[in-house]
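Shown next, in structure tokens, is the structure this report addresses.
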Amino acid sequence: MNEPAAGAEGGNAGAGAPGRRAGAASAGAASAGAASAGAASAGAASAGAASAGAAARAGGAAELAAAQAALVAALVGGGELPPGFDADRVGAARRALLRKRAGEVARAWPLLAASLGAAFTPRFVQWAAGRPPSGSFADGLAFAHSLRDAGELPPLAAEELAQRAPRPAKPRRRFWRRGT
């Protein structure tokens, strides 16, 4: 009989301390649950604010994308300067990009650049100022064609153009006959 009492006492004592801890833990869990419920309601409120902010950012992102596209068009395609940009700085960047483009074309078309000498870069920059870039080979081809059409293509550059210009495809010869 003493054993059950001792076991009960031991069980109560053993369960009492953990029970209090469990109670404290469950009370802590309850307060944590209340805190997380508060956080959830705050999260819902902040989610509403976030969606409103996202909508505002989406409008801002669209405006930013439009401004960037206008700036790129002004830099490389000769488009209008968008409002809010310094004309002197954009002009300097445009000229630098045109000189860089001339260097790329000179590397792709070395005889064209060599035949024009020091006049190559200024002439190419003048030609390319209102044209969007289409790659160094295509830009050089179009520039050489414009010089040829104006009668200003030097002989060395004309030779390079004749070698590198795309030729029309030859018609294929058929080795079979239809319907005989």
Can you find, within the stretch 82-97, the residue that is nearest to Gly130 (Cα to Cα) among those that are under 21 Å from the mean Cα position of the chain (by Cα) and outside any helix (DSSP H, G or I)?
Pro82
Can you spot a residue in the stretch 119-129 that is modelled with pLDDT under 90 and in a helix (DSSP H, G or I)?
no
Among the residues of the stretch 65-80, is there at least one that is at pLDDT below 90, under 20 Å from the mean Cα position of the chain (by Cα) and among the acidic types (Asp, Glu)?
no
Could you tell me whether any residue of the stretch 115-129 is of a type in the set (Phe, Trp, Tyr) and more than 29 Å from the chain's Cα centre (by Cα)?
yes
If Leu98 satisfies all but one of (1) surrounded by fewer than 13 Cβ atoms within 10 Å (Cβ to Cβ); (2) at pLDDT 90 or above, what's the number of the condition it fails?
(1)
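The values are calculated or read from the model by the stated rules, or taken from the named source; none is laboratory data. What you see is a predicted model, and the numbers here were worked out from it, not measured in a lab. Cβ: placed from backbone, ideal geometry, glycine included. Neighbour counts: every protein chain shown.
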